[in-house]
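Values quoted throughout were computed directly from the atomic coordinates according to the rules given, and no laboratory measurement underlies them. Owing to the predicted nature of the structure, the values given are computational and were not obtained by experimental measurement. For neighbour counting, all protein chains shown are included, and Cβ atoms are generated from backbone atoms with ideal geometry for every residue, glycine included.
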Amino acid sequence: MVCGGFACSKNALCALNVVYMLVGLLLVGVAAWATSLGLVSSIRIIGGVIAVGVFLLLIAVAGLVGAVNHHQVLLFFYMIILGLVFIFQFGISCSCLAISRSKQTDVINASWRVMSNKTRHELERNFDCCGLFNLTTLNQDLTSCAAICTKWNTCQLCGEKLLKHSDEALKILGGVGLFFSFTEILGVWLAMRFRNQKDPRANPSAFL
């Protein structure tokens, strides 16, 4: 059955905005986790994902208020801004999925070289690893490595672990963002449709 009534459209728009709020929180959470790795924070796309997540969260709140109150002006700006968020989020999501492992490796190498010893030791303890991408670096770093694995001489390369985590973070961000970006088109259409519907509880002579 097609959702054609005022109440049905209102409930559908409210539910969609609740989903947008959850997606915004998910994007910010995953991006923050990726940033906590230390190396991934140098990728500017992560900052873009956080910005999209926060902005989507704010727009969802505005859309929810507009849907509950059937606020014409708020729904109009909601449609415009949500359309712009779709374009931006679609581009960011495609960029996350398009970053190659070689590009991620270059970023990790560059970040590792300029990283302070304190930050490097924190990463070694968190991931229980030493060195970066080659055994020579691993053998040289074993004497100054802060990881517990040095006690049993079973340390793995930090570069491989960091690359795995950064690759997972980018795939999650890109996949989630790309999937839900298409639902934003549905949100624009639903808001436009709901905005032009007559509230049955309103004054019959009120402007549509």
Cα-projected label distance for residue 110 with residue 198, points at 7 Å along beta-carbon direction, nm: 6.1 nm
Phi to ³J(HN,Hα) by Karplus 6.51 cos²θ - 1.76 cosθ + 1.60 over the stretch 163-171, Hz, x for Gly, Pro: 5, 5, 5, 5, 5, 5, 4, 5, 5
Dimensions (Å) - the stretch 6-195, Cα atoms, principal axes, largest first: 69, 26, 22
Cubic angstrom per residue, convex hull over Cα atoms of the stretch 73-127: 148 Å³
Estimated FRET transfer efficiency when R0 is 22 angstrom, pair residue 71-residue 189 (beta carbons, to 0.05): 0.75
Efficiency of FRET from Cβ geometry, residue 179 and residue 126, R₀ 45 Å, rounded to 0.05: 0.90
Computed label-point distance, nm, for sites residue 171 and residue 119 using a 7 Å Cα→Cβ extension: 2.7 nm
Potential extension, residue 87-residue 58 segment - 0.36 nm per residue separation minus Cα distance: 8.8 nm
